[in-house]
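These notes concern the structure reproduced below.
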Amino acid sequence: MEIMLLFQGGLNGIMLGLNYALIALGLSLIFGIMGIVNFAHGEMYMLGGYVAYFLIGRFGLDFFSTIIAAVVIIGLFGMLLEKFIFRPLTMRPKEALTSMIAAVGLAWVIQMGAVICFGDLDRNVPSTFKGIINIGGVIITKERLATIIIGIILVLLLNIFLLRTRIGSAIRAVAQDKEAAALQGIQVSRISSLSFGIGSALAGSAGALMAPIFSVSPFLGGEVILKAFLVVILGGMGSIPGALLGGLVLGFIESIGCLFFSVPSVSAITFSLIIILLIIKPQGLLGRD
Amino acid sequence: MIKKPKIIDIVYWAIFIGLFFLPLFTKESYIFHIFCLIGINIIFACSLNTILNIGELNLAQTTFMGIGAYISALIVMRLALPFWIAMPIAMMVSATISLAIGFLTLRFKGAYFLLFTFLFAELVRVLLSNFWIGLFGGVPGLTNIPRPSMSIPGLFSIKFSSNIEFYYLIMILVLVTIFVMRRIDMSRLGLLFKAISQSESLAESTGLSAMKFKILGCAIGCGFAGLAGSLYAHFVGIITPHDFSIHAVLAPVAYVVVGGMGSVYGPVLGTTFLMALSHFYLRQFGLYELLIYGVIIIMIIRFMPEGLISIPRNVSHWYGRLSKKE
């Protein structure tokens, strides 16, 4: 029975972990390319949730199309933000700090905008997949299983895109060295815009994925951004496998740790462990520096 | 390296003298309440600016304010010592803890200081909210923190119980803070900080230890954050862990950036402008308050890269160009 409980917790951990990893991948990508600590990143997750709420709940679209729609809508929204807010701030002294504060202002604007447009109530999104699957005593709802599978597909797609395509190589080149990449004929501004779009789309897709499981509210972003930070610190800034590993580690700690200890103790232990990790190995679990 | 006083200094001193006589014109407690909060935030913004001056952002700056607030409140409430002893101890404890953190993290370049301070802030918030509840009061925090009082038997006694009395106390401490910041800014130390923030490796190539000075700058900044915290605790009377969470540091960073980083008066101007705007004007917009506030911050950052402090210079620049044309 104890073992079954562990497996149950482990499955939930994988789901949470993939969710965290998707958000953190976006945060890490945006930081790696543009050097922006994007405090508005959590709001993209929240908006992704509202895309799911409207498309599934109001228009009855199916789950897969909704995820694709969330990727496209939030991705385009991210590119717009990059063009009109963040790009004008580049090439200025103290660029990193000013763009971070612009992101903070943006997060407030988006959050309050969502309160004004959508109301401050928690909204439930109807689930597409009904029923449960019993794998040798471990019970998982079909919905959570679908979330895990789609999450894995999204991470794989990102990996293939970054490692196997020309644009992907260009993004990695810019992340390594902006000037050298520009000398190779890569248009850095276009890559920045694309990365911001992809990063936002990742958070948006995570929001849409999770919407049927957790409810949607305008205040999701603040909590989510803190988790994404933890994951990025754990895995190492700018490392894609690191973000995945960090997300899974955090997901497991949260879901399994809470079986044995109280929630505050788990977070206190988590923070202390990550602080110790950061002192011993400042580049994170898989980061290179 | 002492420079002649500039016109801008005279303008600001004139404003301060004007503020000194403010109670002659109005006695409304709410106005003084807001002015006290603005004063506390000015001290805090100056402390934040000190650390930004060495090229680092401390996301745990409000945590150090919180440490100052809790230490000061506990010393007064538990040990029954006067505020005037508790306040320096609060400053010293904040500065000492920041020395340890600076020593651990400022060796690494890049975003490590930022990430580490983020973790530290969250750890302290979780600890204060859930552990040692008998001492720290848990999520509801500490309440009924007494206002300070001062008396010399036979001569006078002040109990800073009204907002107007507290307003003078805060004004004096704001002046002291600005004075210290100004002295640091004009001294050799200030120049070293500027050199380090512009190019750490270049500064190190002249033979100074950048890490040592960064730790020192960090400790000075966090000491003043402790002062702001101590004042906040005794002014408001209630402190909760939530007041000093990671989200609470972002607004003061906005004050500094909007006012103008690097200069001493930039954070003062930014804090006054944004806080007065939100407390006296934007209140009426209800839900839209934070939205408009965010838009204003983005606009100022977008169109005034050097912050509000650059307005007088830009105006005189435009004026000069206009008069030349004629």
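The values are calculated or read from the model by the stated rules, or taken from the named source; none is laboratory data. These numbers come from a predicted model, not from an experiment. Methodologically, a virtual Cβ is constructed for each residue, glycine included, from the backbone with ideal geometry; neighbour enumeration extends over all protein chains shown.
Here A:Lys94 clears all of (1) more than 30 Å from A:Ser127 (Cβ to Cβ); (2) at the interface with chain B (Cβ under 9 Å from one of its Cβ atoms); (3) crowded, with 19+ Cβ neighbours inside 10 Å except the condition numbered (3).
You will find that of A:Gly246, A:Gly284, the residue that is under 22 Å from the mean Cα position of the chain (by Cα) and either aromatic (Phe, Trp, Tyr) or at pLDDT 85 or above (or both) is A:Gly246 and no other. In summary, A:Arg92 fulfils each of the numbered conditions (1) in contact (Cβ under 8 Å) with a residue 24 or more places away in the chain; (2) not in a helix (DSSP H, G or I) with the single exception of condition (1).
Basic (Lys, Arg), assigned to a helix (DSSP H, G or I) and closer than 26 Å to A:Leu145 by Cα - does that describe any residue in region A:45-62? Yes - at least one qualifying residue is present in region A:45-62.
Which ones in region A:257-279 are away from chain B (no Cβ under 11 Å) and either over 23 Å from the mean Cα position of the chain (by Cα) or among the small types (Gly, Ala, Ser) (or both)? Give the steps one after another, and end with the answer.
Restricting attention to region A:257-279, the residues satisfying the condition of being away from chain B (no Cβ under 11 Å) are A:257-261.
Once the filter is applied, which keeps residues that are away from chain B (no Cβ under 11 Å) and either over 23 Å from the mean Cα position of the chain (by Cα) or among the small types (Gly, Ala, Ser) (or both), region A:257-279 yields A:Gly257, A:Leu259, A:Phe260, A:Phe261.
Being more than 9 Å from chain A (Cβ to nearest Cβ) and within 19 Å of B:Phe64 (Cβ to Cβ) is not true of B:Gly134. The lone criterion from (1) surrounded by 18 or more Cβ atoms within 10 Å (Cβ to Cβ); (2) of a type in the set (Asp, Glu); (3) over 19 Å from the mean Cα position of the chain (by Cα) left unmet by B:Glu204 is number (1). Within region B:259-275, the only residue that satisfies the criterion of being of a type in the set (Ser, Thr, Tyr) and not in a helix (DSSP H, G or I) is B:Ser263. Given the criteria modelled with pLDDT under 85, more than 10 Å from every other protein chain (Cβ to nearest Cβ) and either surrounded by 17 or more Cβ atoms within 10 Å (Cβ to Cβ) or at negative phi (or both), does A:Lys83 qualify? No, not satisfied. Only residues that are surrounded by fewer than 22 Cβ atoms within 10 Å (Cβ to Cβ), touching a residue at least 24 places away in the same chain (Cβ under 8 Å) and either acidic (Asp, Glu) or farther than 25 Å from A:Ile152 by Cβ (or both) were counted in region A:28-76, giving 3.
Please specify each residue of region A:190-228 satisfying the condition of being within 14 Å of chain B (Cβ to nearest Cβ) and within 18 Å of A:Ile33 (Cα to Cα). The one that is within 14 Å of chain B (Cβ to nearest Cβ) and within 18 Å of A:Ile33 (Cα to Cα): A:Ala228.
On the basis of being over 20 Å from B:Gly262 (Cα atoms) and at pLDDT below 85, does B:Ser161 make the cut? When the stated conditions are applied, B:Ser161 passes them. Counting the residues of region B:12-55 that are crowded, with 21+ Cβ neighbours inside 10 Å and of a type in the set (Ser, Thr, Tyr) gives 2. Scanning region A:229-253 for residues that are in a helix (DSSP H, G or I) and within 11 Å of chain B (Cβ to nearest Cβ) turns up A:Phe229, A:Leu230, A:Val232, A:Ile233, A:Leu234.
For region A:111-144, the set of residues classified as of a type in the set (D, E, K, R), surrounded by fewer than 16 Cβ atoms within 10 Å (Cβ to Cβ), touching a helix residue (DSSP H, G or I) at 6+ places or on another chain (Cβ under 9 Å) and more than 14 Å from chain B (Cβ to nearest Cβ) consists of A:Lys130 only.
From the list A:Ile36, A:Ile74, A:Ile85, the lone residue that is closer than 27 Å to A:Gln187 by Cβ, out of contact with any Asp or Glu (no Cβ under 7 Å at 6 or more places or on another chain) and not in a helix (DSSP H, G or I) is A:Ile36. Of all residues in region A:267-281, none satisfies the criterion of being assigned to a loop (DSSP other than H, G, I, E, B) and crowded, with 21+ Cβ neighbours inside 10 Å. Considering region B:102-115 alone, what residues qualify as being at the interface with chain A (Cβ under 7 Å from one of its Cβ atoms) and not in a helix (DSSP H, G or I)? Those that are at the interface with chain A (Cβ under 7 Å from one of its Cβ atoms) and not in a helix (DSSP H, G or I): B:Phe108, B:Ala111. Considering every residue within region B:143-162, establish whether at least one is within 14 Å of chain A (Cβ to nearest Cβ) and polar (S, T, N, Q). The answer is no; no qualifying residue exists. For region B:116-156, a residue qualifies if it is part of a helix (DSSP H, G or I), surrounded by 14 or more Cβ atoms within 10 Å (Cβ to Cβ) and in contact (Cβ under 8 Å) with a residue 40 or more places away in the chain, and the qualifying residues are B:Thr117, B:Phe118, B:Phe120, B:Ala121, B:Glu122, B:Val124, B:Arg125, B:Leu128, B:Ser129, B:Phe136. Within region A:97-110, the residues that satisfy the criterion of being closer than 12 Å to B:Val295 by Cβ and either free of Cβ contacts under 8 Å to residues at least 40 places away in the same chain or more than 7 Å from chain B (Cβ to nearest Cβ) (or both) are A:Ala102, A:Gly105, A:Trp108, A:Val109, A:Ile110. Of the residues examined, A:Pro264 is one that is over 26 Å from A:Met34 (Cα atoms), not acidic (Asp, Glu) and not in a loop (DSSP other than H, G, I, E, B). Being at pLDDT 85 or above and either touching a Gly at 6+ places or on another chain (Cβ under 9 Å) or closer than 27 Å to A:Arg92 by Cβ (or both): is that true of B:Ile196 here? No; evaluated as a whole, the condition is false for this residue. Among the residues of region B:78-101, the one identified as within 14 Å of chain A (Cβ to nearest Cβ) and within 19 Å of the chain's Cα centre (by Cα) is B:Ile97.
Collect the residues in region B:271-326 that are acidic (Asp, Glu), farther than 23 Å from A:Ile110 by Cα and within 14 Å of chain A (Cβ to nearest Cβ), keeping them in residue-number order. Within region B:271-326, B:Glu306 is the sole residue that qualifies. For region B:1-88, the helices (runs of 4 or more DSSP H) that sit wholly inside it and include 3 or more residues that are at pLDDT 85 or above are B:29-53, B:61-78.
Among the listed residues B:Gly217, B:Gly270, B:Gly294, B:Gly226, identify the single one that is under 30 Å from B:Leu123 (Cβ atoms), buried (at least 19 other Cβ atoms within 10 Å of the Cβ) and without any contact (Cβ under 8 Å) to a residue 24 or more places away in the chain. It would help to see each step written out before you state the result.
Numbers: B:Gly217 fails: without any contact (Cβ under 8 Å) to a residue 24 or more places away in the chain; B:Gly270 fails: without any contact (Cβ under 8 Å) to a residue 24 or more places away in the chain; B:Gly226 fails: without any contact (Cβ under 8 Å) to a residue 24 or more places away in the chain.
Result of the check over B:Gly217, B:Gly270, B:Gly294, B:Gly226: B:Gly294.
Residues that are touching a residue at least 40 places away in the same chain (Cβ under 8 Å) and under 24 Å from A:Lys83 (Cβ atoms) within region A:113-136 comprise just one, A:Ala114. Under the condition of being more than 14 Å from every other protein chain (Cβ to nearest Cβ) and in contact (Cβ under 8 Å) with a residue 40 or more places away in the chain, the residues counted in region B:35-77 number 26.
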